[in-house]
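These notes concern the structure reproduced below.
Taken together, the values in this text are just the output of simple stated rules run on the coordinates, not laboratory data. All of these numbers come straight from a predicted model, not from anything done at the bench. Counting neighbours? That spans all protein chains shown, and the Cβs are built from the backbone with ideal geometry, glycine included.
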Protein chains: 2
Amino acid sequence: MSVVPSTHVELLTRPLFGHLGTLRADGAPQVNPVWFEWDGERLWFTTTTDRYKYRNIAGDPRVSLSVDDPDRPYRYLEVRGVVDTVRRDPSALGYLRLAARYGLDVDRPVGGVDANRVLLGLVPRHATCQ
Amino acid sequence: MSVVPSTHVELLTRPLFGHLGTLRADGAPQVNPVWFEWDGERLWFTTTTDRYKYRNIAGDPRVSLSVDDPDRPYRYLEVRGVVDTVRRDPSALGYLRLAARYGLDVDRPVGGVDANRVLLGLVPRHATCQ
């Protein structure tokens, strides 16, 4: 049973951009736009292990994702939790699935296939919405 | 001289929603959609002193604001810095200026005028963009 409220779960199933908050090495927050995919249990993101997003999460797995509804601007969902799963994605199959979800017609990642590519799985612990 | 790059400052001058990352009492990140206004030196937000956003910032003033361009979805700006100024806004004049900026035609805040209303001023220390 997910903590994500049924009234707002469609903000996770639509291909909307999320804003992912992570913690930098000094504990300060960092927020960046992200693609995501929701499988009913975890939110999945794509990155590479040499990027800040990964390094921040490797240092402290606590994250927060904020998504707002472009059709109703005061409607939003925030999901807080931890990244408890890192899956290697060296052939970028996970990346390409996400790219297709967001309507990007590519056959490889921008910047090329990268042995350091991973999928990060966020398990929600709390959700707030409006 | 602001750290905000001239190529992306218009993401701060347009009435776009931002996603503000703050730190909860336990150091975990929280991210929520916000109105903001840029005066060339600070980003201003409205809240009340009994809300998480204020309590988080009172506990640790380090924050991050992420804004993306709805017309060019891979264009974004992240501004990191500290909230170094809190201005009381008990008559909600600051709130109403922000509401007007975002096209909301109201004569008082949703929820009513509140003696605890404040404006928070974020001074940027770093910016990243794409």
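Quick notes
- Within region A:40-50, one or more residues are under 22 Å from A:S2 (Cα atoms), free of Cβ contacts under 8 Å to residues at least 40 places away in the same chain and not acidic (D, E).
- Checked against (1) among the charged types (D, E, K, R); (2) within 13 Å of another protein chain (Cβ to nearest Cβ); (3) surrounded by fewer than 19 Cβ atoms within 10 Å (Cβ to Cβ), B:E78 meets all criteria but (3).
- Residues being at the interface with another protein chain (Cβ under 10 Å from one of its Cβ atoms) and either closer than 23 Å to A:L16 by Cβ or over 13 Å from the mean Cα position of the chain (by Cα) (or both) - total across region B:40-62: 3
- The residue of region B:6-29 that is farthest from A:L77 (Cα to Cα), among those that are free of Cβ contacts under 8 Å to residues at least 40 places away in the same chain and hydroxyl-bearing (S, T, Y), is B:S6.
- Residue in region B:107-118 that is touching a residue at least 12 places away in the same chain (Cβ under 8 Å) and within 13 Å of B:V34 (Cβ to Cβ) present: no
- Members of region B:63-73 that are surrounded by fewer than 23 Cβ atoms within 10 Å (Cβ to Cβ) and within 8 Å of another protein chain (Cβ to nearest Cβ): B:D68, B:P70, B:P73
- Pairs, first loosely packed, with under 14 Cβ neighbours inside 10 Å in region B:93-106, second assigned to a helix (DSSP H, G or I), C-beta under 7 Å, six or more apart: B:V106/B:A99
- Of the residues making up region A:32-39, not a single one is of a type in the set (V, I, T) and within 8 Å of another protein chain (Cβ to nearest Cβ).
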